[in-house]
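This report concerns only the one structure given below.
The values are calculated or read from the model by the stated rules, or taken from the named source; none is laboratory data. Quick caveat, the model's predicted, so the values are computed rather than measured. FYI the Cβ positions are ideal-geometry reconstructions off the backbone, even for glycines, and counts take in every protein chain you see.
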Amino acid sequence: MDFNLSKEQTMIRKMVRDFAEEVIKPRTIEIDTEAKFPLDIFKQMGELGLLGIPFPETYGGSGGDTLSYAIAVEEIGRICGSTGLSYAAAVSLGASPIYYFGTEEQKEKFLVPLAQGKALGAFGLTEPNAGSDAGGTKTTATEDGDDYVINGEKCFITNASFAETLIVTAVTGKNEKGRNIISAIIVPTNTEGVTITSNYDKMGVRGSDTAQIVLENVRVPKANLLGDPQKGFSQFLYTLDGGRISIAALGLGIAQASLEKALHYAKERKQFGKTISNFQAIQFKLADMAMEVELARNMVYKAAWLKDNDMPFTKESAYAKLFATETAFRAANQAIQIHGGYGYMREYEVERYLRDAKLLEIGEGTSEVQRLVIARQLGC
Ligand SMILES: Cc1cc2nc3c(=O)[nH]c(=O)nc-3n(C[C@H](O)[C@H](O)[C@H](O)COP(=O)(O)OP(=O)(O)OC[C@H]3O[C@@H](n4cnc5c(N)ncnc54)[C@H](O)[C@@H]3O)c2cc1C
């Protein structure tokens with residue numbers, strides 16, 4: 001076994017860390033308090049090639065691997081959960097399905113601008129009455145000549161207000177057992193009948209855009225159907241497996257940040273004539289946080305490595321997502337505790353880590369759904 005990162009992976013970590021420290025860090029408090037999507041930061045990330053890390057250069061990408069991409073999400077998440085979530089959603093959900101399942105024409109037309117960071121993508125699966133149970137999708141896409149006509153509603157969709165391209169899931173027919181066939185269709189956001197509103201007032205990841213989408217008689221060419229229409233459901237399960245690695249990486253970044261902030265504070269803060277890092281109660285918290293961060297990193301990198309080596313990774317990406325996101329929540333909570341009353345104040349940032357981390361236990365499959373995925377993989 002080789003736990004060393006390659007030269008390219010090490011370079012990507014340094015490049016993204018420098019960018020996050022220099023460009024994103026001065027803006028994180030404003031991004032959170034003003035709940036403002038940092039479009040200008042995304043433009044710069046596009047210019048650096050970050051939006052295209054896991055895609056080949058022929059499609060406008062940087063030709064990196066999943067592990068490099070996970071490291072990039074981790075480094076951005078270490079500084080800003082909102083930017084990290086929008087980044088992970090843009091790459092894993094907005095662009096990756098086109099790379100995995102798209103035709104050459106779809107890749108040329110839609111993936112290239114996304115990978116180059118000249119456009120932003122979003123993925124609309126969730127509906128008001130179909131969350132964990134994606135099979136309950138009510139949005140329909142009806143064939144009409146050479147087009148699909150789409151009607152329905154999507155909720156909680158990351159990046160949609162700023163996206164040029166949406167991938168929406170919709171019922172396109174019934175299979176031989178009478179069950180709904182759910183397919184994924186590419187919908188440019190400027191198509192007539194698409195209404196996107198972003199009125200959610202969120203607890204955390206406040207600078208990440210979250211929108212509601214209403215689709216009313218939206219007409220797109222049949223050529224916009226993504227992949228095999230009969231395999232729509234298994235295609236988006238594969239997409240979600242990949243996306244879980246990036247949400248896990250984001251959790252890892254927040255957990256790492258919580259550990260660093262708590263350790264730094266514990267070494268500075270004095271009570272009873274000593275720095276609080278001298279107290280065993282504080283040392284044990286820090287030791288547990290450090291151990292869990294290390295475990296989470298091993299799980300995230302292993303899941304990415306399996307994917308890069310074309311090996312099954314469904315169970316490992318669920319392990320990584322479940323453990324790293326719950327680690328992020330625990331670590332942020334302990335970081336607040338170690339900061340005492342100051343930790344409760346926005347200025348010290350650890351309370352933001354907790355609010356941002358909470359979303360990661362919900363999005364891209366809740367913690368309960370991850371346990372279901374793992375149990376199914378165990379043969380239950
Ligand atoms: C900020 C944000 C960004 C998001 N971004 C996107 C996006 O870009 N694209 C997208 O499509 N969606 C997105 N979502 C939606 C997200 O994926 C869903 O909220 C999530 O999958 C849960 O669905 P739900 O909210 O309907 O909860 P429900 O499915 O109603 O779940 C409610 C509770 O019941 C539990 N539960 C449900 N079913 C079971 C079961 N079988 N066994 C045990 N427990 C169960 C859940 O774990 C949860 O605790 C986003 C959500 C948020 C908040």
Review point. Just wondering, is there one or more residues in the range 198-208 that are modelled with pLDDT of 95 or more, touching a strand residue (DSSP E or B) at 6+ places or on another chain (Cβ under 7 Å) and crowded, with 24+ Cβ neighbours inside 10 Å?
Key: yes
Point to revise | Evaluation of GLU364 against (1) acidic (Asp, Glu); (2) in a loop (DSSP other than H, G, I, E, B); (3) surrounded by fewer than 16 Cβ atoms within 10 Å (Cβ to Cβ) (one fails), failing number | key: (3)
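Residue-wise test of (1) surrounded by fewer than 21 Cβ atoms within 10 Å (Cβ to Cβ); (2) more than 25 Å from PHE42 (Cα to Cα); (3) near the ligand (Cβ under 10 Å from one of its atoms).
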| position | (1), (2), (3) |
| --- | --- |
| GLY84 | no, no, no |
| ALA88 | no, no, yes |
| THR103 | yes, yes, no |
| LYS109 | yes, no, no |
| THR142 | yes, yes, no |
| GLY152 | no, yes, no |
| THR172 | no, yes, no |
Check your understanding: Only one residue in GLY253, GLY227, GLY232 is buried (at least 19 other Cβ atoms within 10 Å of the Cβ), in contact with a Pro (Cβ under 9 Å, 6 or more places away or on another chain) and not β-branched (Val, Ile, Thr), so which one is that?
Key -> GLY227
Point to revise | Pairs with Cβ under 8 Å, 6+ apart, first in the range 117-136 and without any contact (Cβ under 8 Å) to a residue 12 or more places away in the chain, second within 10 Å of the ligand (Cβ to nearest atom) and among the charged types (D, E, K, R) | key: GLY136/GLU127
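Can you spot a residue in the range 298-315 that is among the hydrophobic types (A, V, I, L, M, F, W, C), within 16 Å of the ligand (Cβ to nearest atom) and in a helix (DSSP H, G or I)?
Scanning the range 298-315 turns up no residue that is among the hydrophobic types (A, V, I, L, M, F, W, C), within 16 Å of the ligand (Cβ to nearest atom) and in a helix (DSSP H, G or I).
Between GLU21, GLU105, GLU30, GLU34, which is modelled with pLDDT of 95 or more and within 20 Å of ILE157 (Cα to Cα)?
Exactly one residue qualifies, and that residue is GLU34.
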Revision key, fill the gap. Filtering the range 51-77 down to residues that are over 14 Å from the mean Cα position of the chain (by Cα), touching a residue at least 12 places away in the same chain (Cβ under 8 Å) and either assigned to a helix (DSSP H, G or I) or not assigned by TED's automatic domain parsing to the domain that holds ILE98 (or both) yields GLY52, TYR59, LEU67, SER68
Exercise for review: Answer yes or no as to whether THR191 is assigned to a loop (DSSP other than H, G, I, E, B) and either within 21 Å of LEU114 (Cα to Cα) or under 27 Å from the mean Cα position of the chain (by Cα) (or both).
Suggested key: yes
Practice item. Output yes when any residue across the range 219-241 is part of a strand (DSSP E or B), of a type outside the set (A, V, I, L, M) and modelled with pLDDT of 95 or more, and no when none is. Key: yes
Practice item. Filter the range 256-287 down to residues that are of a type outside the set (Phe, Trp, Tyr), within 16 Å of ARG352 (Cβ to Cβ) and crowded, with 16+ Cβ neighbours inside 10 Å, then give me how many there are. Key: 6
**Study point:** Lone qualifier among ILE186, ILE167, ILE196, ILE213 - being among the aliphatic types (A, V, I, L, M), away from the ligand (no atom under 14 Å from the Cβ) and assigned to a strand (DSSP E or B)
**Key:** ILE186
Review point. Quick check: anything in the range 315-327 on the phi > 0 side of the Ramachandran plot and of a type outside the set (A, V, I, L, M, F, W, C)?
Key: no
Check your understanding: TYR148: under 19 Å from the mean Cα position of the chain (by Cα), closer than 30 Å to ARG179 by Cα and more than 16 Å from the ligand (Cβ to nearest atom), yes or no?
Key -> no
**Study point:** Residue ID - farthest from the ligand (Cβ to nearest atom), chosen from residues in the range 330-374 that are free of Cβ contacts under 8 Å to residues at least 60 places away in the same chain and within 18 Å of ILE245 (Cα to Cα)
**Key:** ILE374
Practice item. Please work out if THR28 is surrounded by fewer than 24 Cβ atoms within 10 Å (Cβ to Cβ), touching a helix residue (DSSP H, G or I) at 6+ places or on another chain (Cβ under 9 Å), in a helix (DSSP H, G or I) and in contact (Cβ under 8 Å) with a residue 12 or more places away in the chain. Key: yes
**Study point:** Leading residue by the ranking (farthest from the ligand (Cβ to nearest atom)) among those in the range 119-134 that are aliphatic (A, V, I, L, M) and part of a loop (DSSP other than H, G, I, E, B)
**Key:** ALA119
**Study point:** VAL293, sole failed condition from (1) touching a residue at least 12 places away in the same chain (Cβ under 8 Å); (2) within 16 Å of the ligand (Cβ to nearest atom); (3) of a type in the set (A, V, I, L, M)
**Key:** (2)
